[in-house]
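Below: the structure, in structure tokens.
The values are calculated or read from the model by the stated rules, or taken from the named source; none is laboratory data. Worth saying up front: this structure is predicted, and the values here are computed from it rather than measured. Cβ sites come from the backbone with ideal geometry, for glycine too, and all protein chains shown count toward neighbours. Heavy atoms of the whole protein, side chains included, go into the accessibility calculation; ligands, DNA and RNA do not. Shrake-Rupley method; radii C 1.70, N 1.55, O 1.52, S 1.80 Å.
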Amino acid sequence: TIANAAAKYEGVLSLGYHNKLVITFTKLSAGAAALVLSSLLFGIGFTYDNEDIISLSVKSSNSPLSLELPNSSMSFTLYNENGIFDPDSNNSVLSFFSEDQKCTLSFGYDITGAGDIEWTPYCTRYMSAWSAQGIEAQFQAESILSRMTETKYQRGRYGPLTLEDLVDDVMLDYPDVAYSIPEQIFGIQSVEEPLPVVSHAECLQLIANIG
């Protein structure tokens, strides 16, 4: 039950496992003559802890001597309880999965020994593959740089442009990614020619090589 005295309500509800939602309006707030339900936005998210996770691994590659961008991936195995990850199961949640979903890994520490867990976010990766067999379901997630190897840079700008300008141009062509460029990470350089039509990851690598 939600109590609301304002003429307009915008809220976020977190619900546990459920298969039905009924919204009932009991009365209007003071002074209101009509009721309008303007929009509903539904999302779904799952949280798994030690009781659900069979195994988990995170792999990273980052070499100061290599010309390749740093990269990392995450894989984990969950209990496929009651066939919840089976594609043919009526209870399956796979219909809510997509390859652009975020997987956030956090580590918890019991700071008092009495169950007071303090969580520290470790990394965020993007779902790339999943499968289920028997009592186990396997999931793979990759970094944003891995995903950027699968998309092509299409913009192209002529200079003079700084290296920061080129990074901004690449990231504008790859939407919905928050990023920042540390101050003075590149020297003062001017580039005249546009970047080639290659993957977004290759464009960033070319910029890094110039810098």
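Quick notes
- Condition broken by Leu172, with the remaining ones in (1) open to solvent by less than 80 Å² (accessible area, probe 1.4 Å); (2) at pLDDT 85 or above satisfied: (1)
- Exactly one residue among Ser75, Ser92 is at pLDDT 85 or above, in contact with a Phe, Trp or Tyr (Cβ under 9 Å, 6 or more places away or on another chain) and either of a type in the set (A, V, I, L, M) or open to solvent by less than 80 Å² (accessible area, probe 1.4 Å) (or both), and that residue is Ser75.
- Residue check for Thr47: modelled with pLDDT of 80 or more, closer than 30 Å to Ala137 by Cα and of a type outside the set (Phe, Trp, Tyr): yes
- The lone exception for Phe85 - which of (1) within 30 Å of Ile207 (Cβ to Cβ); (2) not in a strand (DSSP E or B) it fails: (1)
- Meets criteria (within 30 Å of Pro194 (Cα to Cα) and either basic (Lys, Arg) or open to solvent by 50 Å² or more (accessible area, probe 1.4 Å) (or both)) for Lys102: no
- Just one residue in the set Val177, Val197 is of a type in the set (A, V, I, L, M, F, W, C), open to solvent by 80 Å² or more (accessible area, probe 1.4 Å) and not in a helix (DSSP H, G or I); that residue is Val197.
- Residue in the stretch 124-134 that is nearest to Val197 (Cα to Cα), counting only those that are out of contact with any strand residue (DSSP E or B) (no Cβ under 7 Å at 6 or more places or on another chain) and surrounded by fewer than 16 Cβ atoms within 10 Å (Cβ to Cβ): Gln133
- Matching residues, the stretch 135-169, being open to solvent by less than 30 Å² (accessible area, probe 1.4 Å), assigned to a helix (DSSP H, G or I) and polar (S, T, N, Q): Ser146
- Leu69 vs. criteria at pLDDT below 90, of a type in the set (A, V, I, L, M, F, W, C) and within 23 Å of the chain's Cα centre (by Cα): yes
- In the stretch 123-134, of all residues being more than 26 Å from Leu206 (Cβ to Cβ) and assigned to a strand (DSSP E or B), the one that is nearest to the chain's Cα centre (by Cα) corresponds to Met127.
- Test for Leu41: is it open to solvent by 70 Å² or more (accessible area, probe 1.4 Å), at pLDDT 70 or above and out of contact with any helix residue (DSSP H, G or I) (no Cβ under 7 Å at 6 or more places or on another chain): no
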